[in-house]
1. Listing Thr91, Thr234, Thr191, Thr242 from the residue with the fewest other Cβ atoms within 10 Å to the one with the most, what is the order?
2. What nm distance separates the two modelled labels at Asp400 and Arg267, each placed 7 Å from Cα along Cα→Cβ?
3. Taking one equal scatterer on every alpha-carbon of segment 4-143, how large is log10 of I(q)/I(0) by Debye at q = 0.11, 0.21 1/Å?
4. What shape does segment 82-184 take by its C-alpha gyration tensor, where a ≥ b ≥ c are the square roots of the eigenvalues and a/c under 1.5 counts as rounded, a/b above b/c as prolate, and the rest as oblate?
5. Which FRET efficiency value, to the nearest 0.05, is calculated for Arg153 and Gln251 with the Förster distance at 41 angstrom and r the Cβ-Cβ distance?
6. Roughly how many Å is it from the Cα centre of segment 201-280 to that of segment 1-65, as a whole number?
7. Under a point spin-label approximation (7 Å from Cα along Cα-to-Cβ), what is the Ala217-Glu431 distance to one decimal in nm?
8. Go through segment 150-155 residue by residue and turn each phi into a ³J(HN,Hα) via Karplus (6.51, -1.76, 1.60, θ = phi - 60°); whole Hz please, and just put x for glycine and proline.
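All of the numbers you see were taken from the coordinates with simple rules; none came from a lab. Since this is a predicted model, take the numbers as computed values, not measurements. Glycine also receives a Cβ, built like all others from the backbone with ideal geometry; neighbour counts cover every protein chain displayed.
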Amino acid sequence: MRQFELIAFASLDTPLSCEQLKKRCHAAWWRTRRAYPVIGTETDMEQAYFEPHNTAEAAKRWATERCLIATNTSLEEVRQSLIRRPLDKTTMTLVVDPIRGPRGCVYNVSHTLTDLPIYDPLQEFTKQLSRPDAERGIDAIFSPDFLLDITPRLPQSLCHAYSRLFQPTPEDLAGATQILERANARYARSTIGIPLHPDWKTRPSHMHNKTIKFEPAESRSAFRCFKQLGISLTTAFFACMTSAITQKYSQGNEEGAHLLFSSNGRRWIDLAGDGHGPINMSIVPAGLWINADEADLRANDKHSLAKLAKAIGHAQEQDLVSPHLISLYDQMAPELVKGMANPNQPDPPALGRPTLTSQGAFGKNVSDPAGGDPMRITYFNTGGRNTDPGVCFALNTYRDELKFNLLFDERFFALHEVAQLAQAVAGLFREFVADEEPVRAKL
């Protein structure tokens with residue numbers, strides 16, 4: 001079972017009829033594949049591969065298998081059904097004639113293939129749906145895959161890009177190893193966290209994605225507040241997570257907070273690929289440690305939350321100083337894959353570490369499709385399938401609408417407990433960004 005899958009979905013506003021959308025969808029998805037070859041790239045636990053198509057019949061077979069039409073359902077129900085079953089292949093599902101809610105589309109892809117660029121294929125698909133000539137089908141718009149054009153645009157791995165750009169010395173690797181050993185040692189320290197359900201071994205797996213949205217005024221206030229304080233949105237939200245978890249679950253004797261997050265390889269490498277293909281999946285796993293005797297883990301007002309956010313930001317940077325961590329993770333990958341597939345792997349820790357991924361700002365300064373029929377994305381969000389014994393908080397914005405998702409398996413965590421925690425985090429965040437003169441944090 002693959003553990004890391006991404007789901008992006010969008011609601012659509014268009015005067016096009018359901019029949020018109022059905023007729024256009026396969027040609028639109030084929031054209032999207034031509035613009036973003038990543039959606040034609042398949043992956044398993046060991047490799048990724050791309051199959052070129054040289055006939056219209058082959059293209060139609062591919063598009064029929066990968067671009068699905070859903071009726072008599074809803075956008076949300078399609079999203080939930082994808083969350084709860086392991087990914088088989090990259091798909092786009094077009095929801096037409098829904099029984100409730102808006103029409104829209106849902107993009108399901110392996111997290112090993114992409115991360116932040118997940119919005120781009122979906123935006124391209126809506127653009128291609130707006131083109132009237134797509135209604136004539138793939139036969140009318142087909143041209144064969146031309147490998148000399150496609151190959152330079154196929155995604156490359158972060159590890160491949162690293163190997164081209166860096167020639168680490170033994171001293172470089174030794175320094176990165178020390179960083180990794182220091183990070184691994186944190187797992188032995190007593191930390192705050194979200195307790196796993198006591199019966200997790202016998203509970204059925206049931207995936208959830210839950211979203212908490214902030215009002216536009218709250219979002220504007222947040223960006224203004226954090227800019228004035230000189231802290232990032234990510235560290236501010238991490239501070240709220242840390243405080244909420246501490247207040248709800250702390251036993252009072254933890255040494256500190258072990259916080260997990262996703263770092264991005266763009267700090268070292270140009271993700272555009274420099275002619276060698278884009279790096280669509282650029283995540284480097286990372287973590288940080290905050291000592292309980294050096295920071296207030298129960299921060300609950302603007303001033304104390306700002307100080308905690310500053311401490312988190314400082315700790316984040318300490319271990320992200322060496323690009324050679326990429327080399328070490330590449331060497332470790334085969335054993336990690338074997339461990340994931342091993343049914344006898346050891347039990348997870350009794351606590352799920354606080355985990356935050358900042359998915360970024362989507363749709364900013366991006367206009368709606370032009371040159372075709374009216375087609376507007378009215379709402380966009382992300383999610384995914386998370387089978388890890390942890391609750392993943394995923395922060396993102398769409399056209400400056402701020403929200404966070406919680407991705408978790410009910411096997412490990414009770415739904416009502418996670419819902420209560422989410423409200424506590426949101427409450428602290430609203431306290432943090434409440435309109436008043438911000439206090440500059442000092443460490």
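1. Thr91, Thr234, Thr191, Thr242
2. 2.9 nm
3. Cα-only, vacuum Debye calculation for segment 4-143: -0.37, -1.37.
4. Details: a/c = 3.81, a/b = 1.82, b/c = 2.10.
Oblate, because a/c is 1.5 or more while a/b does not exceed b/c.
5. Efficiency at R0 = 41 Å is approximately 0.20.
6. Here the answer is 30 Å between Cα centres.
7. Taking the simple label geometry, Ala217 and Glu431 are separated by 2.1 nm.
8. For segment 150-155, the Karplus-derived couplings read 7, 3, x, 10, 5, x Hz, x marking Gly and Pro.
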